Structures are given as structure tokens and as C-alpha cells.
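Here the structure is laid out as C-alpha cells; the discussion comes afterwards.
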Amino acid sequence: MDFSKHKGNFEQWFLSLNADEFPSSTDYVSTYSTIASKLKPVHSQVNLGADSNDGTSLTWHDESHIKKVIKQVSRLLSYDQATITPFESFVLLVAIQIHDIKNIEGREEHENRAISIFEELGIQGIIDSITLKNIGFIASCHAGSYIKDGKKEKDKIGNLLKPVLFNGDRRIRPQFLAALLRLADEFADDVERAMSYMLSKGMITRGSIIHQKHAESLFDTDISPNTGIVNFDYHIKVNDAKIKFPKYVSEKETYEDIFLLDEIFSRTVKSHYETVYCMRFLRPYISINKLHVSIELEHRDITHEVRISYELIEKGYPSDTLSIIELCGDQIRKNGGHWSGQNLSDYISSSRIS
């Protein structure tokens, strides 16, 4: 779709629509604007509530994150073959507005509590109950898992949502919309979410430092429509590359110290698998085949350029267990081995890079 007349933003395109472009000529633009204005003051308090309940320092989950997710959805929808109807846009935009809002009460299962905010704000009647329920389902599929036959099942979009859903003259593609939200959210964790000032003052809680450092080092996640490529542009500060940061490992219920480079490797592999998963529901309209990752060490000595680049593509039998070495080991070789956080730290010390 072409949003060039609306600054490349599908929300701006939506806001320009007339009521007669929606089912039953309902003014969904005004409805959305009312919802967004009601949610705005709550968004500004999400971080405070989450940190108070969980003892964390979340990256920004305020209005700026909503805008970033909308921006990334806009880029995904800018593929030539991608289309979205005015009514689907309303459903998706409301889902984006509420997808993280229940972090205010704690991160655990926040995705499943999203639509309760309508009742709490006294605006549950602003959307018909069937549409609101579907918005809630779409929002819930941006994260988490559910219990199926006594086991955790991660394929929420495939198992909980239908490809197409009709409610009278209101037609939506729940799987397509949920995949758009999920992937855009995955591609929205960059430097704009980092609390850099609090990081510099040592005010970030122990278990959140590595997540804040990751966001701070990711300068951009560039979705290039019609190319099948998403570019991740990382810049690591020398001091951040030399030391380990604590990371809470929920499976072990303990902390482990890891290097930022290793966290970047882990996070980009996760983004790769999220992309592979979402492509099940976005193709043939949107097709991403490759994540290109560039990691540059920021320092003053121009004679010691350190840049690590690799590409993540589908490889072998479908799985989500392959490591960074198994996926692109040949691209990150270093002195007979492979780049790692420890190798980078040792290289900085031996080369006296500052």
C-alpha cells in the first residue's frame, strides 16, 4: 500500500478516512480518536506501574512505543501487495493501543488482560462486544503462550485465531492482523525505548540492565518494503563490550552474567524465529526472507575498525532451536573460532582500544 500522501503512516491514512468507507457508515475514526485520548494518560503510567509491581526497569512502554509500533506496521504494509481495509485498520490500531497497557499491573500475562482496560475506564460500550473480543484476541497474540492439552503452546496465532472472520458486514483477517502487530512489536525495541539517562546514573534495576543496554545499542531496525530484508544496525560502546551484565534466567530462577554481544546474538536469533513464524500468516502479501545484522564497536581509534555482520535466513528443517553459530557460523568466524562477547572483550583489551 502507498501511504506517501500521509507521511508514510497508516494511522494518518486511517484518520483521513470518511465514515462511508466503513461498514454501516459508522464513524470509526472518531471512535478510535476517543479511545486513543482515553488511553493516553494510562500509557504514561505503564512503566511506573510495571516497575512498582515487578521490581524492574522496563524499556519505555508509553505512547512513544505505540507510535513506533505503528511506524513499523506502516513499513510492513508498504509492501506493494499488502492491503488492509479501513475496518481492519480500526481493529489493528485499537489492538496496538492496548497490547502492552496491562503491564501497568505486572508483566505476567499482561497480553491476556488488555481489553479489561475498556471496562475500567468506563468505555466498554464504545465498541460492539464481538469486535472488542476479537481486538482482545489479536492483542493477546503479540506475546506469551497458552495451555493446550496440559502443555505450553507458543503458536497462539495459528491455534487461537481464524484466517478470516465475518460479523455481518464486518470482515477481518485476525491471523494477518495479529502477525502484523507481533512482528512490528518485535521490530520496535531500539534506542528510542532505552532509558539512557537512568542507565548513565546507575538507576536501572539489576535484572533490567541488559535489556536496556540492548535497546540502547540498537540504533535502527529498518524494514525495506519489497526487498524481503530487514536491517538491524547496532553500535556497542567499548565499555559496554568489555564487561558482563546480569540477566535473569526464568527457567533457572537465577541470574547469569553475559556479554552484550552475546545478548545481541540471542535477540537477533529470536527476531529471526519471530519473523519466520509471522511469515506463515503474512505471506504472500508481505515476505521477509532475511535479517541483516551489523554490529559496530564505537571507539576513537579509526585504525581498529571492528564490525561484525551476518545474515539470518531460514535454514534446514523448520525449528526454533538453532543457535547463532548453527545459523550463520561462517559469517562470524574469528581467529579459528567465532565472535563472542568474551572474544570481543579480549580483543579490545589486547588491542588497547578505547
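Residue check, ILE353 against (1) assigned to a loop (DSSP other than H, G, I, E, B); (2) modelled with pLDDT of 90 or more; (3) in contact with a strand residue (DSSP E or B) (Cβ under 8 Å, 6 or more places away or on another chain), all met but one. Which one?
Answer for ILE353: the failing condition is (2).
Please work out which one of (1) crowded, with 16+ Cβ neighbours inside 10 Å; (2) over 30 Å from VAL164 (Cα atoms); (3) small (Gly, Ala, Ser) is the condition SER323 fails and give its number.
(1)
Please count how many residues of the stretch 306-324 are of a type in the set (Asp, Glu) and in a loop (DSSP other than H, G, I, E, B). Give the derivation first.
First, pick out the residues of the stretch 306-324 that are of a type in the set (Asp, Glu): 311, 314, 320.
Remaining after also requiring in a loop (DSSP other than H, G, I, E, B): 314, 320.
Number of matching residues: 2.
Filter the stretch 325-346 for residues that are in a helix (DSSP H, G or I), over 13 Å from ILE308 (Cα atoms) and free of Cβ contacts under 8 Å to residues at least 60 places away in the same chain and give the result. Spell out the reasoning first.
So the first thing to find is which residues in the stretch 325-346 are in a helix (DSSP H, G or I), and the list is 325-332, 341-346.
From what is left, the residues that are over 13 Å from ILE308 (Cα atoms) are 325-327, 342, 345-346.
Correct list: ILE325, GLU326, LEU327, ASP346.
What's the number of the only condition in (1) within 21 Å of VAL29 (Cα to Cα); (2) touching a helix residue (DSSP H, G or I) at 6+ places or on another chain (Cβ under 6 Å); (3) at pLDDT 90 or above that ARG171 fails to meet?
Checking ARG171 against (1) within 21 Å of VAL29 (Cα to Cα); (2) touching a helix residue (DSSP H, G or I) at 6+ places or on another chain (Cβ under 6 Å); (3) at pLDDT 90 or above, the one that fails is (2).
Report yes if some residue within the stretch 93-100 is in the same structural domain as GLY168 (by TED's automatic domain parsing), among the polar types (S, T, N, Q) and buried (at least 23 other Cβ atoms within 10 Å of the Cβ); otherwise report no. Give the derivation first.
Going residue by residue through the stretch 93-100, those that are in the same structural domain as GLY168 (by TED's automatic domain parsing) are 93-100.
Still in the list and also among the polar types (S, T, N, Q): 97.
If we keep only those that are buried (at least 23 other Cβ atoms within 10 Å of the Cβ) as well, we get 97.
Yes - at least one qualifying residue is present in the stretch 93-100.
Can you give me the ranges of the helices (runs of 4 or more DSSP H) entirely in the stretch 1-102 with at least 3 residues that are free of Cβ contacts under 8 Å to residues at least 24 places away in the same chain and not aliphatic (A, V, I, L, M)? Before the answer, list the steps.
Values: elements: 10-15, 28-43, 46-54, 63-76, 86-98.
Ranges flagged: 28-43.
For residues that are buried (at least 16 other Cβ atoms within 10 Å of the Cβ) and polar (S, T, N, Q), tally how many sit in the stretch 1-25.
Residues that pass the stated criteria total 1.
Check THR275, THR268, THR254 and return the single one that is among the β-branched types (Val, Ile, Thr) and surrounded by fewer than 20 Cβ atoms within 10 Å (Cβ to Cβ).
Values: THR275 fails: surrounded by fewer than 20 Cβ atoms within 10 Å (Cβ to Cβ); THR268 fails: surrounded by fewer than 20 Cβ atoms within 10 Å (Cβ to Cβ).
None of the others qualify; the one that does is THR254.
The values are calculated or read from the model by the stated rules, or taken from the named source; none is laboratory data. Quick caveat, the model's predicted, so the values are computed rather than measured. Here Cβ is always computed from backbone atoms with ideal geometry, including for glycine, and neighbour counts include all displayed protein chains.
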